[in-house]
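The values are calculated or read from the model by the stated rules, or taken from the named source; none is laboratory data. Being a predicted model, the structure only gives us computed values, none of them experimental. For neighbour counting, all protein chains shown are included, and Cβ atoms are generated from backbone atoms with ideal geometry for every residue, glycine included. The protein model used for the area step is the full one, side chains on, heavy atoms only, and it has no ligands, DNA or RNA in it. Shrake-Rupley method; radii C 1.70, N 1.55, O 1.52, S 1.80 Å.
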Amino acid sequence: MSDETNRITRLEEMLAYQAKTIEELSDQLAEQWKIVEQMRTKLDRLTERFLSLEEQSLDAPPITRPPHY
């Protein structure tokens, strides 16, 4: 084969490798985005739960001395 044919073949191989790499990275990015969304949802639920518990603790009666003192 001529040098030009070898060069074209190498470029095609490199292009195929890069296309495969880009596809794999895209898949990984999509998977990571799903995980981020799940974590965001859990964080939102935990924040709501924490605020709810905090509100409940604010409604507690004040601590006073027992009647036998």
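Here are a few things to note about the model shown:
- Nonpolar atom fraction for the chain, defined as the carbon and sulfur part of the 1.4 Å probe accessible area, stands at 59 percent.
- Inter-label distance, Ser2 to Arg45: 6.6 nm, where each label sits 7 Å from its Cα along the C-beta direction.
- Spin-label model, Glu31 to Gln56: label points 7 Å out along the Cα-to-beta-carbon direction sit 3.9 nm apart.
- Nearest 10 degrees, 0 to 90: helix 3-58 Cα axis against the chain principal axis: 10
- Computing Rg/Rh (Cα atoms, Kirkwood Rh) directly from the structure and comparing it against (i) 0.98; (ii) 1.69; (iii) 0.91 singles out (ii).
- The residues of the chain have, on average, 104 Å² of accessible surface per residue, using a 1.4 Å probe with all protein chains present.
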